[in-house]
Amino acid sequence: MISREAELEISAPRIGLHHELAKRALDVTMALFGMIVLLPVFIVVGIAIKLDDPRGRIFFHQIRVGKNGKTFKMYKFRSMVSNADEKLKDILHLNEIDGAMFKMKEDPRITRIGKFIRKTSMDELPQFINVLKGEMSMVGPRPPLPREVESYSTYDRQRLQVVPGCTGLWQVSGRSSIDFKEMVELDLKYIKQRSIWFDIKLILRTISVLIRTKDAY
């Protein structure tokens, strides 16, 4: 009987150079377009963050794990108090999602403006910089934290075989309402079915999800 690991390896399509070049072109185009069009949003959000918490920084970066386990700094607008990482150990036991992730709907570390920009996913906009640097793609599995990867099984680690993305099947299928195992399955489904047209379809679905701001926290 073929295991889940072997089944994925057998069925995953080989992606040629033309696909990689087209995907990179799509990423750069979308990221540049997004940064130019949304520049006023960047400015307003930055001012709001500073007014809400003058002592903290506007931008926040966190070490994430990318393709083949390579780490990089992922950028976001700061939506939590300045010492959020230090406070995490005190609330880990309140995790509301199974598996190697931490999610809490009423996370006490989130600031007032942070609740709004997380609900609308505006906190994710600086990741356009990661896309331009080639560390992330517009579409792909979400990049996990190193501490999350430490608890990955061999099966789970397969989601690290492609460049991580700003959006993907997990984000358009329920986001915070989906547990870790379901997220892994959705990521592996994307890896097996990935194509430029699939990416475009997921980007359009993401826009629809963001308008509704459902399942985000």
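The values are calculated or read from the model by the stated rules, or taken from the named source; none is laboratory data. Please read these numbers as outputs of a predicted model, since none were measured by experiment. Don't worry about glycine lacking a Cβ; one is built from the backbone with ideal geometry, like all the others, and counts go over all protein chains shown. Calculation scope for accessible area: heavy atoms of the full protein, side chains included, ligands and nucleic acids excluded. Shrake-Rupley method; radii C 1.70, N 1.55, O 1.52, S 1.80 Å.
Per residue, the solvent-accessible area of the range 18-212 (1.4 Å probe, heavy atoms of protein chains only, all protein chains present) comes to 53 Å². Across the range 193-203, computed HN-Hα scalar couplings (Karplus, 6.51 cos²θ - 1.76 cosθ + 1.60, θ = phi - 60°) run 9, 4, 6, 4, 5, 5, 4, 4, 4, 5, 5 Hz from first to last residue, x flagging Gly and Pro. The string of couplings for the range 143-152 from the Karplus curve (6.51, -1.76, 1.60, θ = phi - 60°) is x, x, 7, x, 5, 6, 5, 4, 9, 5 Hz, one whole number per residue in order, with x for Gly and Pro.
Amide H to amide H distances under 5 Å link Met136 with Val131, where only residues 5 or more positions off or on other chains count and H is placed in the peptide plane. In the neighborhood of Ile58, defined by Cβ-to-Cβ distances under 12 Å, what is the net charge if each Lys or Arg adds +1 and each Asp or Glu adds -1? Net charge around Ile58: +2.
Label separation (Thr120 vs Lys189): 3.0 nm, computed from points 7 Å beyond Cα along the C-beta direction.
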